[in-house]
Amino acid sequence: MNDNINNKNFLFFALNASKKLGNEIAKKLNKKLEEFVVTKFADGEVLVKPNCSVRNKEIYVIESTSKPVNDNLIELLIAIDALKRSSAKKINVIMPYFGYARQDCKTKGREPITSKLVANLLTTAGVDRLVTIDIHSPQMVGFFDIPIDDLKSIDEISLWIFNYIKSKYNTSFPKICIVSPDNGGLIRARKIANKFQLLNASVAVIDKRRPSPNISEIEYILGDVKDKICFIVDDMIDTGGTIVNAATAIKEKGALEVSLIATHPVFSDPATARINKLIDENIIKNIVVSNSIELKDNKVKNLKIISLADFIASIIKTSVSEQSISNLYIERAKKFNSLLIEYVNKTKKG
Ligand code: R5P
């Protein structure tokens with residue numbers, strides 16, 4: 001890929017919710033991180049203004065609409081409006097975490113479809129292209145009539161699993177199982193398991209019911225988890241109910257070891273207490289999340305964080321140099337495969 005992108009006419013901004021990740025990405029791009037000046041009025045209104053001229057420039061702006069969801073969303077919308085009215089050439093918005101993505105359909109009468117509303121707001125504000133990561137329901141891309149790339153963190157997650165296995169098992173292969181804590185995550189679980197075909201990874205899925213928002217109940221488990229090293233993979237951990245119930249259930253079914261992996265650490269109460277209890281009771285071994293959401297005051301014990309900075313920086317490079325994102329995925333898959341083959345060959349030899 002063309003690494004020499006700094007002669008290109010683009011600027012990279014981070015808004016308040018994604019400053020830390022923005023900084024990491026800027027370093028990888030070898031680019032100055034531009035900022036918005038955010039002024040708060042006494043009544044709570046905000047004024048958001050880029051700190052430099054954006055005239056005729058291609059813009060990348062990063063902001064997760066995580067907690068406080070509404071404040072971060074409105075800050076982003078106003079920033080986009082400011083960029084548009086300052087004659088930016090193209091506005092690319094990167095939302096590592098897209099808040100409101102779970103309200104993507106009517107489950108009962110008189111409910112809104114807020115993800116569609118947010119899609120309309122972003123488009124009306126002036127976004128030209130949107131980049132998201134592991135958006136809750138992939139069909140949501142159809143809510144937009146602008147280009148949207150919903151990136152998958154499957155490679156990052158698989159690499160974490162691989163490094164973990166490699167560090168623990170160097171004389172024999174473990175029996176591994178990728179578990180989806182609900183039907184919605186089954187495709188993701190299967191894709192990850194496919195990456196570990198050489199190790200005969202299996203898949204299990206939990207039939208979860210949601211009697212009301214944030215309450216989850218388990219009906220049954222499909223797949224064999226007994227005596228296996230299990231990795232439960234979800235798009236997000238909000239209150240922790242889903243993933244904690246899943247971990248407890250598969251441990252009861254005889255899983256040898258359980259790790260929890262999720263892209264978005266929403267971590268609303270009582271997630272921290274629930275996860276820490278599982279750690280204290282030795283039900284889970286690892287808890288792994290990405291840095292799509294900045295954790296200001298994390299109290300989850302021994303939390304492992306996968307950085308998305310490299311991945312997002314490569315996506316920006318690819319797009320600035322007008323190259324194909326699909327090719328980037330192919331290159332990453334090839335790299336992963338050769339690591340796995342090398343490990344399998346070494347371990348076979350003993
Ligand atoms: C639901 O379908 C999502 O994929 C997550 O499983 C869910 O939003 C997590 O929420 P909680 O942690 O509150 O159970």
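Laboratory data are not the source of any read-out in this text; all were calculated from the coordinates shown. Everything quoted here is computed from the prediction, not taken from an experiment. Cβ placement follows ideal geometry from the backbone for every residue including glycine, while neighbour counts extend to all protein chains displayed.
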Fill in: Surface/4 of the Cα convex hull for segment 86-158, nm²
6.0 nm²
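Once Rh for segment 193-350 is found with the Kirkwood sum over Cα pairs, what is the Stokes-Einstein diffusion coefficient at 4 °C and 1.567 mPa s, in µm²/s? Let's see the in-between values first.
On the way: Rh = 17.7 Å.
So the translational diffusion coefficient is about 73 µm²/s.
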Worksheet item: Between GLU35 and THR171, what FRET efficiency comes out of the Förster formula 1/(1 + (r/R0)^6) with R0 = 45 Å and r the beta carbon distance, rounded to 0.05?
Response: 0.30
Practice prompt. At 10 °C and 1.306 mPa s, grab the translational diffusion coefficient of segment 254-312 from Stokes-Einstein with a Kirkwood Rh over Cα pairs, rounded to a whole number in µm² per second.
Written response: 130 µm²/s
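Give me the percent of Cα-Cα pairs in segment 159-201 that sit more than 18 Å apart, rounded to a whole number.
Details: 253 of 903 pairs.
Pairs farther apart than 18 Å: 28 percent.
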Practice prompt. Tell me what the chain gives for mean residue ellipticity at 222 nm when only DSSP H runs of n ≥ 4 count, each as -39,500 (n - 2.57), the sum divided by the residue total, rounded to 500 deg cm²/dmol.
Written response: -11500 deg cm²/dmol
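Using DSSP H assignments, which helices in the chain have an axial alpha-carbon span of 18 Å or above and a mean Kyte-Doolittle hydropathy of 0.0 or higher?
Details: long enough: 69-85 (24 Å, 0.62); 154-168 (21 Å, 0.17); 325-349 (37 Å, -0.51).
Qualifying helices: 69-85, 154-168.
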Worksheet item: Using the Cα atoms as the points, what is the convex hull volume per residue of the chain in Å³?
Response: 143 Å³
Practice prompt. Taking the dipole about the Cα centre of segment 307-350, with the C-beta of Lys and Arg at +1 and of Asp and Glu at -1, give me whichever of LEU328, PHE311, ASN345 is farthest to the positive side.
Written response: ASN345
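I'd like the Kirkwood hydrodynamic radius of segment 35-146, using the inverse of the mean 1/r over distinct C-alpha pairs, in Å. Mind dumping the intermediate values first?
Details: mean 1/r = 0.0680 Å⁻¹.
Every distinct Cα pair counted, the radius reaches 14.7 Å.
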